[in-house]
1. Rg/Rh for the stretch B:96-204: what does it come to with C-alpha atoms and Rh from Kirkwood?
2. Using only Cα atoms, locate the centre of the stretch A:54-92 and the centre of the stretch B:356-424, then give the distance between them in Å, rounded to an integer.
3. Please report, in Å, the Rg and the Dmax of the stretch B:2-193, where both are computed over Cα atoms only.
4. For the protein assembly as shown, count the residues as N, evaluate 2.2 N^0.38 Å, and divide the Cα radius of gyration by that value, please.
5. Report Rg (one decimal) and Dmax (nearest whole number) for the stretch B:404-658, counting Cα atoms only, units Å.
6. Residues of B:84-92, mean number of Cβ from any other protein chain within 10 Å of their own Cβ, rounded to a whole number?
7. Where Rh is the Kirkwood radius over the Cα pairs of the stretch B:234-384, the temperature 20 °C and the viscosity 1.002 mPa s, what D in µm²/s does Stokes-Einstein return?
8. How many percent of the alpha carbon pairs in chain B exceed a separation of 44 Å?
Amino acid sequence: MHHIGLGSGVLMKLVVVPLIWLLSVITAHAQPYEEPKERTIITITGKISSDIPDGIARIGYDTLEKMDVKDLKTRTFYSKNKYNFSGVLMRDLLDYVGAKGDMLEVTALDDYRITVPISDYYDYDVWLVFKLDGKRLSIRNRGPARIIYPIEQKPELNDKKIAGRYIWQIKGMKIK
Amino acid sequence: MKKQIKWLALIYLAAVGSLLFLEVIHFKKMRNVSHQIGESYELISGRDEGLRLEVEYRRFQYKVISYVRGQDDISHADVLTWFDIFWSRAYSIASESSIPDGMDKQEARQLFTDMRIALKEVDPLVQNLKRGDEESLAAIHKALEAFDARVTQLAVAIAQTRVDEAASLQEKLELALQGIDTLLISSTGGGILVLSMLGIEAFRARHAERKIKIREARVRFLAEHDSLTRLGNRAYLNIKMKEFMKEAKANDECFHLLLLDLDKFKDVNDTFGHPTGDQLLKNAARRLSGIFRSEDIVVRLGGDEFAILIKADMANIEKAVSRVISALSSSFVINGHEIHISTSIGISTYPDLSDTAEDLMRDADLALYAAKNAGRNTWALYKHSMSVEIKHRMGLEMDLRNALNNEAGGLEVYYQPQVLFNDKNESLSVIGVEALVRWFHPEHGTIPTVEFIDIAESTGIIDDLSAWVTCQACEDAVLWHKAGFDINLSVNLSPHQLNNRYLPDEIFQVLRKTGMPANKLTLEITESAAVHNTKAAVEMLETLNQQGVSLAMDDFGTGYSNLGYLKSLPLDCLKIDRSFVTHLESNEEDRKLVRGIINLARGMGMKVVAEGVETEYQVEFLRGLHCDVGQGYLFGRPMNKLQLIAMLERERAQQNLEKAVTNSDTDKAQKTNASS
């Protein structure tokens, strides 16, 4: 913004500032799908927006970084210790690809697969985390991305059935 | 019945209760099972890290070998990825309760620890692995080789655990299915029981309701129907009339009210008794119902009055009415009697002529009255002009009824003298009177006798009127007898009275009450077709005659009775009608007729009374034929009892004077004889 404004203050005030404001409004509400610039870590297929070429949405780290990334200090179902995760809400990711289905099939690197009702992601703040202590999750740390339920905020999620909906080392999603 | 239902209901309730209890128990069981099924997901799917550890261990080894030996296009990056996956598995597994029940925990934990140490050892080798580096491959293989059997053992233990868990889950599921079966059966049973109980109750309620409805309908029927004829009654007519009016208003239609009564019905009751009268009403009602359509309303208002509500045009009404008249004037045979009646019908129309229920009734009544005046056995449609004329007549009828019970009503008995023609000295002497009724109406003045007798006859007051006249006249006659005037009393009988089988008793009662001797009373009857049962009439007259009451045939010659009928009656006297007497002087035919009548009467042993004698010529003519008695203006107009007694007194004084004169003549003659 500052770079654009240099040398033409009036133009900046009259035209560029509102334009940028407008842009920011648009991106905040409906970030359009873009092919990732970095390596793809997750591919999303199935019932997604028809605007996405070939019906395959590719999600890279840059894609996730552009979204509303939040820090999240929580324990997981499988540990007593708290971790400093960062990630995006699952529903933001689903909105990003224009998901229209009821169920989500998630596949891990070793082809382990689970199916989760998408309503979970709208009823609760379920996170797709991809950073731990500010660093990207390695495969050894169950990266590149994993799903975390907010069990500390919603005690009812502290359930064995929900435990089955945790998954890490995510490489693909399919909306059904 | 009620008690049985109570017991049945109790048994039902108990059965439903126990089924509910059963359901609750099974429901609890099911809840338990469903909870366990929820956990079984965890049992089966959750603890699979051990299996995945084995799979990833073998996959990694395959990738490493393939990479070093240049098979299957495996890159170093692939090797690293799978090493990391295997690594993360080895580290994550210990933190979870992934050790199967059938395995020694200590042993398992040792395995995980050893594996992590081995992984750290081989990590640099893996990171720096090059294609064709058989040495490093051998080192990696050697470091991990020791886990082969242990990882497999872990996987087998987990698999066995899974089999066991699957078996126990199946058992639980089967139990659950059994529970579901029980639940289904018991709830079906309960449902059937409850439904059947509801059904029984609904059936009972309907039954009870129907009974009540039937009872209500019966009560309503009784309230709205006449028990004798089964036709609707006045209340029913009022209900239906309202409905008809509502409908007519809505559809802009008209309808008619027919009001009819049976002429001479009272005579039937009097002659044949009430049971016969009732039977006649029943039969008449049946004939009436047969004429009208089911949508027409035929009701009996009471007595011999019927009403019909009918929607039809005037042409059809006329047709229906003619059928009614002809149906009711055909003879009825009841208890062996052949009975003839007739009917008069009054018709009013809604809304053209009368637009309220009251008006409809009143106007139909006026029309009925008009029909009766028009000679009965006919009908009349109400016209506005009827009101005035008929109201006057109805007013007179009411006044006449009042007058019979009230001296100020203006009714009075008048008497016309009957005179014996004396052959010897040409003098005339009153031997009897004919009682005639007069009505001096307090408001309207003298009402012509013809008019009010007509009213009395058409309204059935005639019996009461005749009885009243007879009673008054007898009282008067007794007074005259006491005064020394030994005169005969003639009273007119209405033909209607001959239908009253209690007539002789009534007459005898009057005689007893007044002290009138029967042999001083003459009843004058007319030749009339109005007598229903001539045989009964003849019997009554004979009864009266046997007790000394004389009978005279009034207005003889004007009627049409045959000689046989005449002969059958126990008559003592014929009264020659005034129409023959009036023209005796001018008309040879009448002279022949009168001569004939007198001869006939003498031949049958009857006395003759000539009516309407007004001239000396007539007296001479009648005397010449040996006619005994005359009545007419020449001897005296009808007069009240005071005038009559005055006349009788005058006559007696005259006779006394004449007697005295005769006596003195005789004395003179005797004296003359004696002197000669």
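1. Expressed as Rg/Rh, it is 1.53.
2. So the two Cα centres are separated by 118 Å.
3. Final numbers for Rg and Dmax: 28.5, 102 Å.
4. Compactness ratio reported: 2.31.
5. In order Rg, Dmax, the Cα atoms of the stretch B:404-658 give 18.0, 53 Å.
6. The mean count of partner-chain Cβ atoms within 10 Å per residue comes to 5.
7. For the chosen part, D equals 138 µm²/s.
8. So the pairs more than 44 Å apart make up 59 percent of the total in chain B.
None of the figures in this text is laboratory data; all of them are computed from the coordinates on show. On a predicted model such as this, the values are computed, not experimentally measured, just so you know. Glycine gets a Cβ as well: all are built from the backbone with ideal geometry, and neighbour counts include every protein chain shown.
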